[in-house]
């Protein structure tokens, strides 16, 4: 297991999920026409579905209760960008480049959503590099409008560690620490989730 994921597991007090990978990554990525970062793929295999501190959710390609299994999960995940948040950010970009200074997936090098919280903050990868393991994280912090964008030149797992450390101004509220709420809250209704 990657060191950053080992650190997340330890911090969350999580017991990694056992058994085969939850997603047939090669077939799923091939079907969707995109390769996703290796830390994200390993994260999904280790944690399954859920949220950090019951707030910051990580999108995953796992089927919901009674949902179909198969290779469509990555495509469903991509639609969260192309059909859900993408049109809003494209409209912002058309209004003013300052409101959204990045293209949006599937545009070349566009933002691809991987997580968000209940405050409406969004975590993206900036897909400008051919190597997905070099995609930086871009945060849109809804509460900091109009200076809502921050770029972090690190992978998703390292970024999550930074968020959970609570030492970086502006990131502590992304997964707000609540009394009695564990660091990782699994979505036990999703395939593969649970201990």
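The values are calculated or read from the model by the stated rules, or taken from the named source; none is laboratory data. Note that the structure is a prediction, hence the values are computed from the model and not measured. Note: ideal-geometry Cβ built from the backbone for every residue, glycine included; neighbour counts use all protein chains shown.
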### Query
Going by the structure shown, is residue 185 over 25 Å from residue 33 (Cβ atoms) and out of contact with any strand residue (DSSP E or B) (no Cβ under 6 Å at 6 or more places or on another chain)?
no
### Summary
Scanning the stretch 176-195 for residues that are assigned to a loop (DSSP other than H, G, I, E, B) and either surrounded by 19 or more Cβ atoms within 10 Å (Cβ to Cβ) or at pLDDT 80 or above (or both) gives 176, 177, 178, 179, 180, 181, 182, 183, 187, 191, 192
### Message
Residues that are within 28 Å of residue 106 (Cβ to Cβ) and touching a residue at least 40 places away in the same chain (Cβ under 8 Å): list the helices (runs of 4 or more DSSP H) wholly contained in the stretch 1-48 that include at least 3 such residues.
### Response
25-32, 38-47
### Summary
Considering residues that are at pLDDT below 85 and either touching a helix residue (DSSP H, G or I) at 6+ places or on another chain (Cβ under 9 Å) or surrounded by fewer than 13 Cβ atoms within 10 Å (Cβ to Cβ) (or both), the number found within the stretch 144-165 is 3
### Message
Looking at the stretch 94-110, can you tell me whether even one residue there is surrounded by 21 or more Cβ atoms within 10 Å (Cβ to Cβ), under 28 Å from residue 32 (Cβ atoms), out of contact with any helix residue (DSSP H, G or I) (no Cβ under 6 Å at 6 or more places or on another chain) and modelled with pLDDT of 85 or more?
### Response
no
### Message
over 14 Å from the mean Cα position of the chain (by Cα), in contact (Cβ under 8 Å) with a residue 12 or more places away in the chain, within 29 Å of residue 3 (Cβ to Cβ) and buried (at least 18 other Cβ atoms within 10 Å of the Cβ): is that true of residue 141 in this structure?
### Response
yes
### Query
Among the listed residues 84, 173, 133, which satisfies the condition of being part of a helix (DSSP H, G or I) and in contact (Cβ under 8 Å) with a residue 60 or more places away in the chain?
133
### Query
Of all the residues that make up the stretch 52-93, how many are at pLDDT below 90 and touching a strand residue (DSSP E or B) at 6+ places or on another chain (Cβ under 6 Å)?
1
### Message
Every residue in the stretch 52-62 that is under 19 Å from residue 179 (Cβ atoms) and surrounded by 21 or more Cβ atoms within 10 Å (Cβ to Cβ), please.
### Response
52, 56
